[in-house]
Amino acid sequence: MHKIDFDLIEMTMDVMKYTIDRISHTKQKIGKPQKAEVLKSLVGETVTEKGIGGEKAFQLWKEHLAKANVPVDHPRNLAFVPAAPTRAAIMFDLVTSVSSIHGAYWMEGAGGIFCENEAMSWIVSLTGLPKGAFGVFTSGGTAANLSAIVTAREHWREDDTYKREKGLIITSEGAHSSIKAMAKVADVDILLVESEERLTGENLRETIDNLTFHQRKRLFAVVATGGTTNAGIIDDLAGIASVCDEERIWFHVDAAYGGGALVADSVKHLLKGIERADSITIDPHKWMFSPYDCGAVIYRRPEFAKKAHSQQGSYLEIFKDEGAHGFNPTDYQIQLTRRVRGLPLWFSLATHGTNRYKEAVERGVELAQIAGKMIEENPCVELVREPSLSCVLFRRIGWSPEDYTNWTYDNHNKGFALVTPTKWKSGDSYETVSRFCFINPDTTEEDIKMILDTMV
């Protein structure tokens, strides 16, 4: 398996041809999922004692398996938070893999980690955090949020008063699902503030004032959202920061999606207050055009993260040696083994420059405003709320939840578009609506019009 032979060279050429075609092709099909049993009937047994050979395996991928995926960078994939990695980033993802770099310690991955840190320095500069703040790339927002909360909890427990206490965090109902999941993993309780719109400093103040004595004792962190996944809503970061300062509570901002807006002059002011955070999550694989997987967690005081996450082991001692000194990403987040996932982002930034990034993010904001105007002019649909960042919530007048579901599958099965329904709280109940999320600057006004036309 590890020897170089003619078959390997030939397969390498096939893979490169496929890659070149994928990168240069602008009209790729959106793809649609198939049931596992259908895929099994198409490809048969692929993992066998003697193998089926690279040529056959690759052919099965191209003919059947690749077509059962929905590319996140398709211009009419407007569901969830899609992605649009630059072609430079995609190409360098190949280089990242072929380089076989273990990105945990400087001793093994100095060159790759250096590049990651160059990209990270740019991201940190966007936040306005003071000198000394820094971060590390993670697998995504969930890992970043978990790393931040573990850091906050361990810092809180440095006070012996809290060593035996189960921690408590406060966030809003509109927070990302990963916050609730992360709380379970970190074994901390979570209190949700009822707020479908934005969480304000006043909401937080009232919530804290109504805590029991023991709850207040256990409260160690507040998680605000810098752009909800559902609607692009940004919490009152400045107001929340002030309350956290008064109460001496760790202030974390989950800006996994919305953090990309810091690049855009037209909307970055909406994130005012983020510079006062103790930690921040931003996902470059969302609105900073990096391939999956690439999240980031940033700390005002990285030394707290290092104290919480640095791993000990006799076989790891060499990495603490004077001769191995350098930045060790594993010390600042939950993973030991890691690829240098920030490397494609660095290459893309180095290739294109940050001004091109600004233009691309601004285009996402612009597309949301364009879509909003199209919806206002269409008698069959109406806005649920004004577009925020690159998210647009809208309803088809007269539709039931089943209509939205059927419409989604109809467009998806045709290989035309992926736009999914979501829920929006209206009074005391939840309404099914539709949603656009614009990331890809290649999405056109015509794409938006064609999608809306399918609702008529």
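Just so you know, all these numbers are worked out from the coordinates, no wet-lab data involved. All values reported here derive from a predicted model rather than from experimental measurement. Neighbour counts are summed over all protein chains in view; Cβ atoms, including those assigned to glycine, are modelled from backbone coordinates with ideal geometry.
Every pair of different Cα atoms in region 231-372 enters the Kirkwood calculation, which places the hydrodynamic radius at 17.3 Å. Gain on full extension, evaluated as 0.36 nm per residue between residue 456 and residue 377 minus their Cα-Cα distance, stands at 27.1 nm. If you take the Cα centroid of region 199-265 and the Cα centroid of region 10-25, the two points sit 46 Å apart.
Here is the list for region 5-105: GluC sites (Glu not before Pro) lying in DSSP coil, each with at most 15 other C-beta atoms within 10 angstrom of its C-beta, are 45, 49. Estimated translational diffusion coefficient (Stokes-Einstein, Kirkwood radius over Cα pairs, 10 °C, 1.306 mPa s) of region 355-453: 113 µm² per second. Please compute, over every Cα-Cα pair in the chain, the percentage with a separation greater than 34 angstrom. The proportion of pairs with Cα distances above 34 Å equals 39 percent. Gain on full extension, evaluated as 0.36 nm per residue between residue 352 and residue 166 minus their Cα-Cα distance, stands at 62.3 nm. Label zone (residue 19, point 7 Å along Cα-to-C-beta; backbone nitrogen cut-off 12 Å) within region 62-90: 88-90.
May I have the convex hull volume per residue, in Å³, for the Cα set of region 92-352?
Spelled out: Cα convex hull of region 92-352, divided by residues, is 127 Å³.
Distance from the C-alpha centroid of region 76-117 to that of region 128-162: 23 Å, rounded to the whole angstrom. Among 298-306, 28-36, the peptide with the highest mean count of other Cβ atoms within 10 Å heads the list, and the full ranking is 298-306, 28-36. Sorting 90-101, 265-276 by average packing, meaning the other beta carbons within 10 Å per residue, from highest down gives 265-276, 90-101.
For region 205-306, how big is the tail of P(r) above 23 Å, as a whole percent of Cα pairs?
Roughly 31 percent, rounded to a whole number.
Here's the picture: a label point sits 7 Å out from the Cα of residue 27 along the beta-carbon direction, and within region 419-456 the residues with their amide nitrogen under 20 Å of it are 441-451. The lysine pair tally for region 4-57, using Cα distances under 24 Å and a gap of 8 or more places or different chains, is 11.
Fully extended, how many nm does the chain gain between residue 9 and residue 245 (0.36 nm per residue separation, minus their Cα-Cα distance)? Please list the in-between numbers first.
Values: separation 236, 0.36 × 236 = 84.96 nm, distance 6.01 nm.
Value of the extension gain: 78.9 nm.
The lysine pair count for region 355-453, using Cα distances under 28 Å and pairs eight or more places apart or on different chains, is 10. Magnitude of the charge dipole for the chain, about its Cα centre and with charges confined to Cβ atoms of Lys, Arg (+1) and Asp, Glu (-1), is about 460 debye. Counting lysine pairs in region 92-352 that sit 8 or more residues apart in sequence, or on different chains, and whose Cα atoms lie under 16 Å apart gives 7.
With point charges of +1 on the Cβ of Lys and Arg and -1 on the Cβ of Asp and Glu, referenced to the Cα centre of region 355-453, which listed residue (397, 379, 412) lies farthest in the positive direction of the dipole? Toward the positive end, the furthest listed residue is 412.
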